[in-house]
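I have placed the structure first, in the form of structure tokens, so that the comments after it can refer back to it.
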Amino acid sequence: MLRLSKSVIGIEEINAVTKVLENEYLGMGDNVKEFEELLSSYFNRPTVCVNTGTSAIHLALQSLGVDKGDEVLVQSLTYVATYQAISATGAKPISCEINPKTLTIDLEDAKRKLTPKTKVILPVHYGGGVGDLNKLYIFAKENNLRVVEDAAHAFGSIYKDKLVGAFGDICCFSFDGIKNITSGEGGAILTDDKTILERIKDARLLGVQKDTDKRYSGKRSWEFDVEFQGWRYHMSNIMAAIGVEQFKKFPGFKAKRQDLAKLYQTEFSNIERIKILDHNYQEIVPHIFTIQVDSDQRDELKEFLSANGVQTGFHYFPNHLLSKFKIQDLNLPLTEKLHKNLITLPLHPDLDEEDVKKVSKLIKDFLKV
Ligand SMILES: Cc1ncc(COP(=O)(O)O)c(C=O)c1O
């Protein structure tokens, strides 16, 4: 079976984890510090690591003071993690349409949904692409909104000559098992806002003040104060040890993902019945490769590919159609139509060109194009 996505793990990660286990300090300590320092120098920006991408978004929002009664503008077409992270603060996710070219948030729809309760706009960098991020920041500035970027898919992507995460307000990454790099599970928050950074550092350790500094200098906090709600969201040394090795391998992972995506693009170019995203894979490091086909054929295509040893996925079922996030009378016609056309093809660094050609040929044979 050609897998849709997978972790790519070698002896380096195994040895690094073994070393942490032999050291018998599994929690948050030197390895997490090392991983944060690596990321900080890559992005040239302070980085705080946490246990998942979901908790990264939750902490970013909480640290901005987002609370019950507040609203967060977000596209419906995202993983439910984005929505749960927003609702964990008590705030309401306000579902927006997508731009069909990039599957990122439709700013015009976001503008229509702006209210005095809107505190944050949360763009999701679908498939590694960020859409018109400059315009989004202008919109946020004009309306006094903070921006929390869900960059779970976009580790390593470039936007206007800058690394995604290296600029902007607050940026959240995920390092779960199948992302562009993994730490088993994991996440990171990047921002230049010192107040937010300090709050996030405490909040990931149950709100224990300055616990990060203590742990990084080999000490523990015995007598301390807690002023606000915190969570058990820190990263462990085991996770960070994997993350450090994955980061070293990232140039190879990046090139492979980009080459495979370019090949898919070539295979599907000029085929009217297969739509692909308008992405420049010199700049974007794709986490997933999604195509659009006729909704009447999509499910059958999935079954056909599966029968031929190819695993595929659907990214995503719209969140505004989930029981928890349904709002009466809310319709997002484009999202509701378009999600039924989407099918995600295998993409990970262990695939080779022949695999992509095989998948592409099967799809073209099935669609008779
Ligand atoms: C778009 C998006 N946002 C957020 C997340 C949450 O990341 P994590 O799985 O690390 O909690 C994911 C991961 O699956 C994702 O795909």
For helices (runs of 4 or more DSSP H) lying entirely in the stretch 263-369, having 2 or more residues that are in contact with a Ser or Thr (Cβ under 6 Å, 6 or more places away or on another chain), in contact (Cβ under 8 Å) with a residue 12 or more places away in the chain and not assigned by TED's automatic domain parsing to the domain that holds Val74 picks out 295-307
Sort out which residues of the stretch 136-152 are more than 18 Å from Ala91 (Cα to Cα), under 12 Å from the mean Cα position of the chain (by Cα) and open to solvent by less than 10 Å² (accessible area, probe 1.4 Å), and write them in order of number. Ala151
Scanning the stretch 170-204 for residues that are outside any strand (DSSP E or B) and either of a type in the set (A, V, I, L, M) or not assigned by TED's automatic domain parsing to the domain that holds Arg215 (or both) gives Ile178, Ile181, Ile196, Leu197, Ile200, Ala203
Before we move on, is Gln246 closer than 20 Å to Gly187 by Cβ and surrounded by 22 or more Cβ atoms within 10 Å (Cβ to Cβ)? yes
Looking at (1) over 17 Å from Val130 (Cα atoms); (2) surrounded by 24 or more Cβ atoms within 10 Å (Cβ to Cβ); (3) within 9 Å of the ligand (Cβ to nearest atom), which is the one condition that is false for Ala188? (3)
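Looking at Asp225, Asp176, Asp211, Asp202, which one is open to solvent by 10 Å² or more (accessible area, probe 1.4 Å), modelled with pLDDT of 95 or more and under 28 Å from Asn144 (Cβ atoms)?
Numbers: Asp225 fails: under 28 Å from Asn144 (Cβ atoms); Asp176 fails: under 28 Å from Asn144 (Cβ atoms); Asp211 fails: under 28 Å from Asn144 (Cβ atoms).
The conditions single out Asp202.
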Residue check: is Leu4 hydrophobic (A, V, I, L, M, F, W, C), closer than 30 Å to Lys302 by Cβ and assigned to a loop (DSSP other than H, G, I, E, B)? yes
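Restricting the search to the stretch 61-78, which residues are over 14 Å from the mean Cα position of the chain (by Cα) and within 15 Å of the ligand (Cβ to nearest atom)?
Filtering the stretch 61-78 down to residues over 14 Å from the mean Cα position of the chain (by Cα) leaves 61-73, 76.
The answer is Leu61, Val72, Ser76.
Is it true that some residue in the stretch 160-169 is over 16 Å from Val285 (Cα atoms), within 12 Å of the ligand (Cβ to nearest atom) and either at pLDDT 95 or above or part of a loop (DSSP other than H, G, I, E, B) (or both)? Give the derivation first.
Initially, the stretch 160-169 is screened for residues over 16 Å from Val285 (Cα atoms), giving 167-169.
Checking which are within 12 Å of the ligand (Cβ to nearest atom) leaves us with none.
No - not one qualifying residue is present in the stretch 160-169.
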Has the stretch 68-77 got at least one residue that is assigned by TED's automatic domain parsing to the domain that holds Met239, open to solvent by 10 Å² or more (accessible area, probe 1.4 Å) and part of a helix (DSSP H, G or I)? no
So Ala255 ticks every box in (1) free of Cβ contacts under 8 Å to residues at least 60 places away in the same chain; (2) open to solvent by 50 Å² or more (accessible area, probe 1.4 Å); (3) of a type outside the set (Ser, Thr, Tyr) but one. Which box is left unticked? (2)
Enumerate the pairs (first residue in the stretch 88-106 and farther than 18 Å from Gln292 by Cα and surrounded by fewer than 19 Cβ atoms within 10 Å (Cβ to Cβ); second residue anywhere and of a type in the set (Ser, Thr, Tyr) and at pLDDT 95 or above) with beta-carbon separation below 9 Å, excluding pairs fewer than 6 apart on the same chain, so at least 6 apart or on different chains. Ala88/Thr54; Ala88/Ser55
Please work out which residue is nearest to Gly186 (Cα to Cα), limiting yourself to the stretch 280-298 and to residues that are away from the ligand (no atom under 16 Å from the Cβ) and open to solvent by less than 30 Å² (accessible area, probe 1.4 Å). Tyr281
For the stretch 79-88, name all the residues that are near the ligand (Cβ under 10 Å from one of its atoms) and of a type outside the set (A, V, I, L, M). Tyr79, Thr82, Tyr83, Gln84
Among Asp329, Asp350, Asp355, which is the only one that is farther than 13 Å from Ile98 by Cα, acidic (Asp, Glu), surrounded by fewer than 20 Cβ atoms within 10 Å (Cβ to Cβ) and under 23 Å from the mean Cα position of the chain (by Cα)? Asp350
Considering the stretch 103-124 alone, what residues qualify as being in a strand (DSSP E or B) and either among the hydrophobic types (A, V, I, L, M, F, W, C) or in contact with a Leu (Cβ under 8 Å, 6 or more places away or on another chain) (or both)? Ile105, Thr118, Lys119, Val120, Ile121, Leu122, Val124
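The values are calculated or read from the model by the stated rules, or taken from the named source; none is laboratory data. For clarity, every value in this text was computed on a predicted model and none was experimentally measured. Note that we place each Cβ from the backbone using ideal geometry, even for glycine, and neighbour counts take in every protein chain shown. Side chains included, ligands, DNA and RNA excluded: accessible areas come from the protein's heavy atoms. Shrake-Rupley method; radii C 1.70, N 1.55, O 1.52, S 1.80 Å.
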